[in-house]
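Participant: Sharing a structure with you now.
The values are calculated or read from the model by the stated rules, or taken from the named source; none is laboratory data. On a predicted model such as this, the values are computed, not experimentally measured, just so you know. Because the Cβ atoms are built from the backbone with ideal geometry, glycine has one as well, and the counts that use them run over all protein chains shown. Heavy atoms of the whole protein, side chains included, go into the accessibility calculation; ligands, DNA and RNA do not. Shrake-Rupley method; radii C 1.70, N 1.55, O 1.52, S 1.80 Å.
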Amino acid sequence: MNPSRFWLAGPALALLASGASANDQLITLSKDPNQWVMPPRDYANTRYSELSQINKDNAKNLRPLWTFSTGVLRGHEGGPLVVGDVMYVHTPFPNNVFALDLNKNAQILWKYEPKQDPTVIPVMCCDTVNRGVAYGDGKIFLYQADATLVALDAKTGSVVWSVKNGDPKKGETGTSAPMVVKDKVIVGISGGEFGVQAHVTAYNLKDGTRVWRAYSEGPDDQILFDANTTELGKPVGKDSSLKSWQGDQWKIGGGATWGWYSYDPQLNLFYYGSGNPSTWNPVQRPGDNKWSMTIFARNPDTGIAKWVYQMTPHDQWDYDGINEMILADISVKGQPTKALVHFDRNGFGYTLNRETGALLVAEKYDPKVNWASKVCRPAGRRSSPSLPRARRARTRITRPFVRRRSARKTNSRPPSRRRLGYSTCRRTTSAWITNPLRFRTRPVSHMSAPPCRCSHRRGKTTSAISSLGMREPARSCGLFRSRSRCGRAPWRPLVMLSSTALSRAT
């Protein structure tokens with residue numbers, strides 16, 4: 001441990017006394033490698049320490065100096081803060097906070113024990129975790145499981161103010177770490193599994209009054225989009241979110257914001273990702289489900305979105321898009337570029353221009369990823385796993401199946417060939433499967449990979465990848481040709497059937 005940290009409390013307190021903004025204070029303190037004043041260490045979300053006293057050569061010589069037990073035996077997913085010579089440690093539910101004196105072997109300076117209703121525990125997903133506290137303006141900010149944001153005096157632990165950011169009875173809980181920007185503290189919401197309409201909210205540092213709230217889906221006045229909000233350089237248009245949901249599904253659309261936030265003081269933009277759409281069953285929410293699974297760039301003063309980029313439209317695998325947005329200044333084709341780097345749970349690593357939202361790079365970081373083969377640039381649309389060019393076709397999102405009979409009797413013999421439709425470089429990756437046989441089916445809205453080409457001879461089995469990503473036997477797949485080509489009346493609308501249902505029918 002570097003002893004130079006112990007005299008840093010003086011400069012930190014001087015910054016507070018001088019009336020410097022929270023931004024200036026945090027930027028100054030984060031440049032000191034002896035301190036860790038934000039959950040991701042700095043606004044760029046690097047989580048990287050420049051300290052070199054301990055390295056790979058001498059780490060074997062480390063010996064315990066002191067230990068501290070929080071007394072809570074659940075998942076600890078957030079690290080402590082170090083401000084001056086004080087370490088601030090938090091716990092999972094019930095979200096206790098400890099201030100430890102590093103000059104006195106972690107002697108407890110103060111302890112905060114919130115009183116929360118334990119009925120919030122069954123609503124939390126997954127585990128009763130908390131991802132960290134934040135520091136700014138002489139306060140420690142704790143976001144409790146019951147969605148209460150609390151400001152504690154950093155010296156004494158007394159409550160300065162508290163505010164309710166959500167209602168656990170509606171499935172809204174708090175698991176994320178807040179972020180302090182300028183005179184505001186920004187916090188998200190958890191509960192996508194319970195059909196919440198997720199949001200990020202900014203509160204005033206001084207008294208906790210709400211400044212603005214931006215939802216992940218809904219009308220423009222709720223998601224805080226204006227005429228200048230863009231995706232891949234083009235305006236998203238009016239009510240871009242509503243057009244991608246059926247009816248009022250957006251009201252339970254999910255897109256939770258429980259991840260980690262970044263901030264660029266020069267551009268005055270903060271960045272974060274939204275989670276999976278709701279409900280869990282994708283059949284019940286046809287469409288791209290905007291703006292779940294999306295990277296947002298917002299103005300922290302007003303909450304207005306400057307640009308957005310949706311990574312996984314109509315996500316059905318619970319990929320979430322909340323992982324860190326890492327800010328880096330890099331060279332692109334010889335030009336200095338302000339970039340945002342994000343490694344998503346969908347298996348792709350994205351690099352975007354964080355000023356304009358332009359997509360620079362989108363490549364797999366795991367070759368086993370099979371939900372899409374690539375992301376096309378500059379459109380930013382994903383491409384399906386490869387199929388013979390002659391068998392590729394543009395597709396649209398399927399809807400619940402209602403079979404219509406032709407008034408004319410037709411030959412019931414299956415056609416000798418069937419066609420497989422699969423998207424290429426579109427926002428939907430869908431396979432269509434139809435079969436006119438009379439049997440009960442389990443409809444699936446999208447499949448994770450295209451079904452294989454089958455011979456369609458009775459009794460011949462092949463394999464297909466189901467909506468759950470598991471291989472199952474399948475006996476027939478593809479699209480029937482229109483009557484003009486094969487003599488059969490078309491079945492409309494088209495329907496996607498699970499490979500399990502098809503195999504049972506044959």
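Participant: Evaluate the distance, in nm, between pseudo-label points positioned 7 Å from the Cα of Q284 and of E77 along their respective Cα→Cβ axes.
Facilitator: Computed distance between label sites Q284 and E77 equals 2.3 nm.
Participant: Sort out for me the Cα centre separation of the range 282-340 from the range 51-108, rounded to whole Å.
Facilitator: Using only Cα atoms, the two centres lie 33 Å from each other.
Participant: Would you mind working out the accessible area per residue for the range 201-248, using a 1.4 Å probe, and quoting it in Å²?
Facilitator: On the way: 2330 Å² over 48 residues.
Each residue of the range 201-248 exposes 49 Å² on average to a 1.4 Å probe.
Participant: Still on this structure, I have one more. Output the peptides 267-277, 253-263 sorted from most to least packed, where packing is the average of other Cβ atoms within 10 Å over each peptide's residues. Could you put the intermediate results ahead of the total?
Facilitator: Working: 267-277: 25.2, 253-263: 27.5.
The most tightly packed comes first, giving 253-263, 267-277.
Participant: Extending each Cα 7 Å along its Cβ direction at N204 and N228, get the distance between those two points in nm, one decimal.
Facilitator: That separation, rounded to one decimal, is 2.5 nm.
Participant: Taking the Cβ of P235 as the centre, find all other residues whose Cβ is under 15 Å away and add up their charges (Lys, Arg: +1; Asp, Glu: -1).
Facilitator: Here the count lands on +1.
Participant: Over the range 296-369, average the accessible area per residue using a 1.4 Å probe and give it in Å², no decimals. Before the final figure, lay out the partial values.
Facilitator: Numbers: 2910 Å² over 74 residues.
The answer is 39 Å² per residue.
Participant: Rounded to the nearest whole Å², what accessible area per residue is found for the range 30-174 with the 1.4 Å probe? Each step should come with its number before you reach the end.
Facilitator: Numbers: 6980 Å² over 145 residues.
Here the residues of the range 30-174 average 48 Å² of exposed surface.
Participant: Name the lysines eligible as straight-distance cross-link partners of K374: C-alpha to C-alpha under 19 Å, and not fewer than 8 places from it in the same chain.
Facilitator: Those lysines meeting the cut-off are K364.
Participant: Let me ask something else. If I compute solvent accessible area with a 1.4 Å probe over the protein chains, what percent of it on the range 86-230 is carbon and sulfur?
Facilitator: Values: 2470 of 5010 Å².
Using a 1.4 Å probe with all protein chains present, the range 86-230 comes out at 49 percent carbon and sulfur.
Participant: Beyond 21 Å between alpha-carbons counts as too far, so tell me which of K115/K184; K170/K251; K115/K206 fall in that bin. Can you show the working numbers first?
Facilitator: On the way: K115/K184 25 Å; K170/K251 12 Å; K115/K206 23 Å.
The answer is K115/K184; K115/K206.
Participant: Counting only residues 5 or more places away or on other chains, whose amide H sits under 5 Å from the amide H of L360 once H atoms are built in the peptide plane?
Facilitator: Placed amide hydrogens put T351, L352, N353 under 5 Å from L360.
Participant: Order 26-38, 309-321, 335-347 from most to least packed using the mean count of other Cβ atoms within 10 Å.
Facilitator: Details: 26-38: 19.5, 309-321: 22.6, 335-347: 17.7.
Highest mean packing first, the order is 309-321, 26-38, 335-347.
Participant: From the square roots a ≥ b ≥ c of the eigenvalues of the alpha-carbon gyration tensor of the range 246-320, which class results: rounded (a/c under 1.5), prolate (a/b over b/c), or oblate?
Facilitator: Working: a/c = 2.73, a/b = 2.15, b/c = 1.27.
It comes out prolate by the Cα gyration axes.
Participant: Here's another thing I want to ask about it. Sequence-distant or interchain residues sharing an amide H contact under 5 Å with V160, placed H: which?
Facilitator: Amide H neighbours of V160: A151, L152, D153.
Participant: Ok, one more. Residues of the range 24-49 with the amide nitrogen closer than 14 Å to a label point 7 Å from the Cα of A59, along Cα-to-Cβ, please.
Facilitator: What the label zone holds, given the 14 Å backbone N cut-off, is 49.
Participant: Right, next: I'd like to compare 46-58, 68-80, 129-141: which one has the highest average count of other Cβ atoms within 10 Å, and what's the full order after that?
Facilitator: Details: 46-58: 10.2, 68-80: 13.8, 129-141: 23.9.
In decreasing order of mean packing, 46-58, 68-80, 129-141 become 129-141, 68-80, 46-58.
Participant: At 0.36 nm per residue, and after removing the present C-alpha to C-alpha distance, how many nm does the segment from K333 to V159 gain when stretched out fully? Present the calculation step by step, with values, prior to reporting the outcome.
Facilitator: Values: separation 174, 0.36 × 174 = 62.64 nm, distance 5.14 nm.
My answer for the length gained is 57.5 nm.
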